[in-house]
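Enquirer: Sharing a structure, written as structure tokens. Questions coming.
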Amino acid sequence: MLKVCSFVGESEVCSTVSLYLFDTMATIKFKVLTEMREQKRRRKDLKFGFVAISTESKIVLCSAATNLDQIIKDSFFVMRGCKSFRVDIRIFVEVLNDTKIFQTSPFEYDQDVSKNYLHAPPVSTAEVHGSPQKKRLSVSGEVIQVYPVSYGDDWKRRDVKIGHGTLKCKLWDEFAEKDVRVGSQMSFTNVTVNEYRGTKTVSSSDNTELSCLDEEQNKKTTGTRNIVIDGYNVTGDTTELVTDVGEVLLAPKSLVEGLGPISSLKFPMPIEISAEAGKILKITSVVENILHELDVAN
């Protein structure tokens with residue numbers, strides 16, 4: 001076991017990892033999983049990198065000083081004379097000046113390993129606190145607090161708290177400038193678990209994706225489409241309608257009553273709706289071949 005420490009701003013970040021050194025003239029056979037791209041927050045002499053998977057179904061994180069034109073996504077290679085070491089379940093590879101790269105034939109590997117790395121499965125904020133360090137996962141929740149951006153010589157970071165303030169997400173570099181607002185429902189995919197002084201956090205990686213679930217839901221519930229209503233719930237002047245796939249839409253009570261007394265409506269009921277951000281503005285229903293078209297009064 002090895003204690004690895006680094007400084008971020010004025011804070012010392014330490015973690016204990018299992019470290020296994022390989023021969024500095026290692027030979028590794030792998031499949032390329034991502035395009036070659038410029039790396040963030042890496043050594044300045046290793047500006048480029050890509051992700052691969054080995055014949056042992058281990059994730060291989062490769063770094064190089066220059067862009068390797070022969071590295072193409074989904075291709076298979078043998079790399080000879082590289083510097084390699086393992087940290088926990090990951091293999092880190094440095095391409096040296098005299099490293100040789102050869103094309104090779106495809107091989108079988110555990111596709112679940114590559115899938116879970118590139119598209120980390122979603123977990124709850126509570127599950128994050130029980131996850132091991134360096135585990136990749138995806139998490140979502142309501143944004144409770146957004147901190148100002150912190151700057152260093154060659155880095156920037158914004159911290160965000162989600163899930164009733166129980167989990168801090170550290171967004172590095174370009175992710176620090178993303179539009180994250182208090183009260184919004186956000187999804188953070190492909191983030192990495194870290195621990196400092198007994199507290200678990202997650203940090204963005206090179207292929208992290210941030211998305212606003214509120215905006216995605218609005219897109220899904222905007223436009224004209226056919227749905228099947230399975231039931232309703234009236235609260236004041238608003239009616240909640242639940243579809244046969246569990247989607248909940250809002251409609252003015254007066255609009256629904258235009259179809260007939262709500263208590264006498266027969267479900268399931270196929271209808272055509274026009275909606276915006278989950279709120280129904282127009283309903284066209286076919287009941288015994290009679291069309292009822294209703295619009296919200298101006």
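What follows is calculated from the coordinates using simple rules that are stated; it is not laboratory data. All values reported here derive from a predicted model rather than from experimental measurement. Using ideal geometry, Cβ is built from the backbone for each residue, glycine included, and neighbour counts are taken over all protein chains shown.
Enquirer: Tell me the net charge near residue 194. Cut-off is 9 Å between Cβ atoms, residue 194 excluded, with +1 for each Lys or Arg and -1 for each Asp or Glu.
Expert: Value of the local net charge: +2.
Enquirer: Okay, next question. Each residue of the stretch 47-61 in order: what ³J(HN,Hα) in whole Hz does its phi give by Karplus 6.51 cos²θ - 1.76 cosθ + 1.60, θ = phi - 60°, with x for Gly and Pro?
Expert: Each residue of the stretch 47-61 in turn: 7, 10, x, 7, 10, 9, 10, 8, 5, 8, 6, 9, 5, 10, 9 Hz.
Enquirer: Between the DSSP loop rule and a limit of at most 15 other Cβ atoms within 10 Å, which GluC sites (Glu not before Pro) in the stretch 99-153 are left?
Expert: Of the GluC sites (Glu not before Pro), the ones in loops of the stretch 99-153 whose Cβ has at most 15 other Cβ atoms within 10 Å are 108.
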